[in-house]
Amino acid sequence: MPSSIRTDEPVGIAERILVLRGQRVLLDVDLAELYGVPTSRLNQQVRRNRKRFPADFIFQATNQELANLMLQFATSSWGGTRKPPVAFTEQGAIMAATVLNSPRAVEMSVYVVRAFVKLREVLASNTELARKLEALEKSVATLDTRTRKQFEEFYSAIRALMAPAK
């Protein structure tokens with residue numbers, strides 16, 4: 001996330017939000033660290049309170065998703081474990097704070113919510129910018145060839161800046 005965007009959060013929450021299966025999620029290892037508990041404790045509390053975590057709150061990453069994550073980050077950040085992590089959606093991350101019921105989990109859940117909200121705002125602003133850019137492209141279609149070429153280069157540069165980091 002660009003440094004100009006403030007989320008009033010401890011460093012790193014927004015950067016830990018990943019996209020898996022088209023959903024923005026936090027992995028169990030990252031959420032446990034944020035909430036100040038071992039990953040095993042977090043997952044134990046989830047198992048003990050399974051009814052509080054429907055499929056749209058959490059899901060187990062597949063082995064293929066784990067492999068993709070490990071390639072993406074060039075190393076395992078899961079302390080040597082090779083078991084696919086549990087992915088928590090925004091709702092699942094908040095529910096985890098309630099089942100952990102520790103002061104740190106409650107405090108950090110506020111920052112987690114803010115990070116997810118800020119990410120939605122950034123994505124929405126990019127969507128609006130893309131819509132406006134498309135309208136501008138259509139309006140300059142009647143310009144001469146040289147000017148259209150300059151605008152196309154300009155549009156390509158803006159789209160490159162709008163593309164999510166890989």
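Each value in this text was obtained by applying a stated rule to the coordinates, not by laboratory testing. This structure is a prediction, so every number in the text was calculated from the model and none was measured. We place every Cβ from the backbone using ideal geometry, glycine too, and count neighbours over all the protein chains shown.
Here are the numbers:
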read-out: Around R21: net Lys/Arg minus Asp/Glu count, Cβ-Cβ under 13 Å; value: -1
read-out: Cα shape, segment 19-74, gyration tensor, a/c 1.5 rule; value: oblate
